Ligand code: FUB
């Protein structure tokens, strides 16, 4: 495997030149420094479903770790990387695992997002559980920590969103995935999620219970991966559409919609059926974070890698289509 990432070992090198397959079972136990030179960002392990959080002068990048077995979307660990300049990154000790949710079954965890409230960090994850009726299905859990790099602990001891809460709209077992959380100016927090059908619900101030009804969100050709961001007085709801996935987006003047569809934001990502974006502003620039399957030779739909490119706006607030590059933000 061609190593594009230069690993600068601050520690005694837990994850250096190990063949890709073997690396996937190697969990970082200490902080390790990584210097990035382009896209994909990290080539020492597979990273999927990025979520980004900016705290002060630091960019935190959360990702699921694809196992590398190439047999499906199976994420045993979620990872966290941090950077102050997007070039030099610290990979922190594994902060959260599927096994940290005692009620979760299997290793089939999927996408996630971390958000801060009142000095605590809440990590919303897609995982799998058994509903009250014993049926296995996707569910959303939440873990909490005092630090953005963890360690995180299951905040409830049960699923926040379970599959049987949404059968009224979608009678499949995998629609309750891909949580994204937004805290609005008035302090009200909202959870969006979904596959096939997008949903949202208000969260109580404790961030670990929903308040009121689950609402469907009307979006054309919604597949999965909603992400909310705001610039000025526009809310943006970007999401994966079709399969293989492109990223589309919609805009609204209210977090509760209605959402106006604005078209495609990102094309199909190289060598991957999924695309899964996060959008944040960091030090005055906007970034589009996503994954592709471009880690040669072994990369693919189940062996994904996180990338970052710039995001630009038109004068009317609409988004310019993303240009995915191998140079990334370093050109
Ligand atoms: O990683 C598994 C699933 O693939 C995610 O939950 C989706 O968003 C897609 O990226």
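Quick note: the coordinates plus some simple rules give every number you see, no bench work behind them. Computed from a predicted model, the values in this text were never measured in an experiment. Cβ sites come from the backbone with ideal geometry, for glycine too, and all protein chains shown count toward neighbours.
Tabulated data
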{"read-out": "Three-way shape label, the stretch 237-286, alpha-carbon gyration tensor, a/c 1.5", "value": "oblate"}
{"read-out": "Percent of alpha-carbon pairs separated by more than 30 Å within the chain", "value": "28"}
{"read-out": "The stretch 217-331: Rg to Rh, with Rh as the Kirkwood radius over Cα pairs", "value": "0.97"}
{"read-out": "Average projected area [Cα convex hull, the stretch 172-273], square nanometres", "value": "7.0"}
{"read-out": "FRET efficiency for residue 221 and residue 316, using Cβ-Cβ distance with R0 set to 22 Å, rounded to 0.05", "value": "0.40"}
{"read-out": "For the chain, calculated [θ]222 nm from helices alone, where every DSSP H run of n ≥ 4 adds -39500 (n - 2.57)", "value": "0 deg cm²/dmol"}
{"read-out": "Overall form of the stretch 26-65 per C-alpha gyration tensor (a/c, 1.5; a/b vs b/c)", "value": "rounded"}
{"read-out": "Per-residue Cβ neighbour rank within 10 angstrom, fewest leading, 301, 158", "value": "158, 301"}
{"read-out": "Global geometry of the stretch 104-238, whether rounded, prolate or oblate, following the gyration tensor of its Cα atoms and the 1.5 cut on a/c", "value": "oblate"}
{"read-out": "Difference of contour (0.36 nm per residue) and Cα-Cα distance, residue 107 to residue 153", "value": "14.8 nm"}
